[in-house]
1. With a 1.4 Å probe and every protein chain left in place, work out the accessible area per residue of the chain in Å², rounded to a whole number.
2. List the residue ranges in the chain for DSSP H helices whose C-alpha atoms run 27 angstrom or more along the long axis and whose Kyte-Doolittle average is -0.5 or above.
3. If you average the C-alpha positions of region 25-46 and of region 71-97 separately, how far apart do those two centres end up, in angstrom?
4. Rounded to the nearest percent, how much of the accessible area of region 5-97 (1.4 Å probe, protein heavy atoms only) is carbon and sulfur?
5. What relative contact order, as a whole-number percentage, does the chain give when Cα pairs under 8 Å and 6 or more residues apart are counted?
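The values are calculated or read from the model by the stated rules, or taken from the named source; none is laboratory data. Everything numeric in this text was worked out from a predicted model, so none of it was measured. When the accessible area is computed, the model is the full protein with side chains, heavy atoms only, and any ligands, DNA or RNA have been set aside. Shrake-Rupley method; radii C 1.70, N 1.55, O 1.52, S 1.80 Å.
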Amino acid sequence: MRTWNRSFMIQGILIQAGNLLFELVTLLIFVNIIFSWVNPDPNNIFVKTIYGLTEPILSPLRRFTIIGPLDLSAFAAILLMQIVLFPLYKMVVMFIF
């Protein structure tokens with residue numbers, strides 16, 4: 001019975017860690033959106049870091065989400081993470097533990 005409690009605790013920790021990771025990525029995407037509005041210095045290390053972390057997520061989605069002058073890749077990425085990836089991550093963690 002003790003190992004069941006331990007695995008349940010590990011499962012909860014992994015789900016919370018995954019949730020924090022997905023929230024962090026969502027926050028970085030929002031910062032990327034704000035950067036696209038204010039056009040910061042592209043040589044700034046902070047700007048380079050944000051673009052370096054978010055562009056691998058947003059670039060593949062741009063093929064499908066650019067409608068005229070609107071780039072909806074950030075919206076699609078957040079929606080994809082919240083509706084598909086996090087529930088899938090949760091199911092995998094629950095299946096393993």
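1. Values: 7230 Å² over 97 residues.
Per residue, the chain has 75 Å² of solvent-accessible surface.
2. 2-38, 45-65
3. 22
4. Values: 4940 of 6620 Å².
Its accessible area is 75 percent carbon and sulfur atoms.
5. Working: 50 pairs, mean separation 35.1, N = 97.
In percent, rounded to a whole number, it is 36.
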